[in-house]
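Asks: The structure's right below; bear with me while I get my questions together.
Taken together, the values in this text are just the output of simple stated rules run on the coordinates, not laboratory data. Treat the numbers as computed from the prediction; the structure is a model and nothing was measured. Note: ideal-geometry Cβ built from the backbone for every residue, glycine included; neighbour counts use all protein chains shown.
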Amino acid sequence: MRSGAVAAVRRLVSGAGAGVRFLRRFTIPRQWLLAYLLLIVVPAGLFLYGYYERSAKILKDEVVRTMQQTLKQAGSNLSYRLEHLQDISNAAFMNSNLHAYLSVGADDQSIAIQLEVVKDLRYLVDTVQLNSDVFHVRLFVDKSKLYAAERINFFSLDSLKDDPLYASVIAANGGIVWTGDYNETFLDAGDQRIFSLARMLRDPNHYDKVSGVLMIDVKESMVGDILSALQFSPGTQVYLVDPNGTIVYHPDRARIGAGIDPAVQAVLNRGSEGAGSLKLNGEVNDVMFATLDPTGWKLVAQGTESQLSRRAVQLTQKSEWTSLLEYIALFLLLPFVLLAIIVRGMNRRVKQVITVIRKEGTESSLSELPPVNGDFHLLERSVDHLILRVRTLVEEKYKAQLHEREAQLQALQAQINPHFLYNTLDTINWIAIGKGASDISQMIDSLAKYFRLSLNKGKTIVSVEDELRLAQVYLEIQQSRFPNTFAFELDCEPGVEAYAMPKLILQPIVENALLHGIRKAKGKPGVIRISAREEQGDLLFAVSDNGIGMDEGLVRQLLTEAPSEARDDGAGNGSSYGLYNVNERIKLYAGDHYGLSVVSELGAGTTVLVRLKAERAGARE
């Protein structure tokens, strides 16, 4: 027993001695070790430390950039919801029945009529409240109304006059006024945190009289749900600020209605969106913001530098051990001789690749080089992919330019002056008030024809017949507005009606001739002549008037300078805008050889010539 233990000890000592002798064969000389430490390990350690610091900064910047993009997206989502609510308010505001109902008073109508009005108003309110974003609709009306004391959807206007909101609503003169987050008590829902958009309603029969205030309420949760979904660093504050620097929404409700720090306001004043750093209470704060277009509010994310950097630090710490292992493998086990051989082979192969690219350009391929395996095969495949990608991008750029021209054409097509609509509706209103209802039917019929022809089911290309008909309907409407002031003539060559052309080419020219030519020629009857004919494969239109005409300087500027740069007609009406618009649309549609030309003489009138490519309907479809 004892002898066996002694033998085991001897074998252990012998094995240890053999291990020591084996390790001595791989002992590194002291000078080599010192050189290795000074020339490789220490510089690599400094490099790794600098890399770690730069990585932390890059990650922090990336976190801030990601947060800013997330904030911008949340702002877009919130803006869409707010715009939708404004559209709902506009739809209710434009409801003619609403204004008619509010004009029904307690003294001039029977109880039965007022009860019918209440029923119709209730239907209107319930229809608006069916929208998922609308929490409640409140209508403040004159206290003489039978339903003014209902206090669920209908309230006395006097109950609102002591509220500071009332002055803002009156000052907006029918525009939408948004409130911040506040608490309101409802008979049917109790205490609620809401936002509201309010607007003034006028009596159509007595325009200087306020007939009521329309208020649409939105639950605070609509805003809170969007902002609470933002996954920012813990401690980051996300809130809404109005243009005056007052907080209109904040998770801490005690701060609602308070002003923000002037330093934060200075950052928000830099633009519609962005980010900035500032020092508050001895600590650096990062502020990101985006603007909500419907209200002008700023969506703000504010947090200290340490809070925003915490995420970057967490990401950096995850890679520390991995980086350490890579460092050990890189600088302790890498064979220097093998590295030199590999680098030499890599340089030779890179030179061959560069030579092929310089020799052949983007039309070449690297398949003619001797085959190789490993990373260089992947590199060459990547270069070939890059060449193919360059070709694809060139093609995509060409297609994008085509799409851009089409988009420019559509954008210019959409720039139609809305003042004509407002003037016509105003004319109908005054005819109804001043003369009864005898002329309304004719005016509305002409206006309906105008819209039907101008909209044309969304098509941008129409027939010459439809375009001439649109100009005729427009002039008939204007004759109702300005009776006995002008006449017009249409002369169309047979067969021209079937050709196709962009819509709304003649109407702006005719409008310009009427408003800036004939209407300013006081004391003589006006005449507008429109002719259409074909000439050598082109369509030629001529719009002439016997108005006041223009001098040569203004004629030269009409079609060569943008509307913001060209001189107007002297009254600030921008008479060159319609002609410039039409000329640009024709050039985008048919080319630079087509467009408008203007001949005019002061006191003698103006003639606008339109030249288009003659194409049959359906040629571009």
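Asks: How long is the gain from D384 to T70 if the chain were fully straight, where each residue apart is worth 0.36 nm and the alpha carbon distance is subtracted?
Replies: 109.4 nm
Asks: Using the crude model of +1 on Lys and Arg Cβ and -1 on Asp and Glu Cβ, and no other charge, please compute the dipole size for the range 199-265 relative to its Cα centre, in debye to 20.
Replies: Numbers: 6 positive and 8 negative charges, 24 e Å.
I would put it at about 120 debye.
Asks: At a Förster distance of 41 Å, what's the computed FRET efficiency of K435 paired with L115, Cβ-Cβ distance as r, to 0.05?
Replies: With a Förster radius of 41 Å, E is 0.80.
Asks: Treating cross-link reach as a plain straight distance, find the lysines whose alpha-carbon is under 21 Å from the alpha-carbon of K145, omitting any fewer than eight places away in the same chain.
Replies: Straight-line reach from K145, under 21 Å: K119, K161, K209.
Asks: Continuing with this model, one more query. How many nm separate the modelled label positions at N77 and D293, each set 7 Å beyond the Cα in the direction of the Cβ?
Replies: About 1.9 nm separates the two model spin labels.
Asks: So between S132 and K399, what do we pick up on full extension, going 0.36 nm a residue minus the alpha carbon distance?
Replies: 92.0 nm
Asks: In nanometres, what is the gap between the two model label sites at C492 and R519, each 7 Å from Cα along Cα-to-Cβ?
Replies: 2.6 nm
Asks: Can you pull the one-decimal nm distance between simple spin-label points at K351 and A229, each 7 Å off the Cα toward Cβ?
Replies: 5.9 nm
Asks: For the range 526-537, take each phi angle, set θ = phi - 60°, evaluate the Karplus expression 6.51 cos²θ - 1.76 cosθ + 1.60, and give the result in whole Hz per residue in order, putting x for glycine and proline.
Replies: These are the phi-based 3J(HN,Hα) values: x, 9, 10, 10, 10, 10, 9, 7, 9, 9, 6, x Hz.
Asks: Determine the gain in length on full extension of the stretch S96-R122; use 0.36 nm per residue of separation and subtract their C-alpha separation, reporting nm with one decimal.
Replies: 7.8 nm
Asks: Taking a cut-off of 21 Å between Cα atoms, list the lysines near K613, but don't count ones fewer than 8 places away on the same chain.
Replies: By straight Cα distance, K613 reaches K459, K503, K587.
Asks: Follow-up. By average Cβ neighbour count within 10 Å, what is the ranking of 72-82, 170-180 from highest down?
Replies: 72-82, 170-180
Asks: Which order results if I528, I428 are arranged by neighbouring Cβ count within 10 Å, fewest first?
Replies: I428, I528
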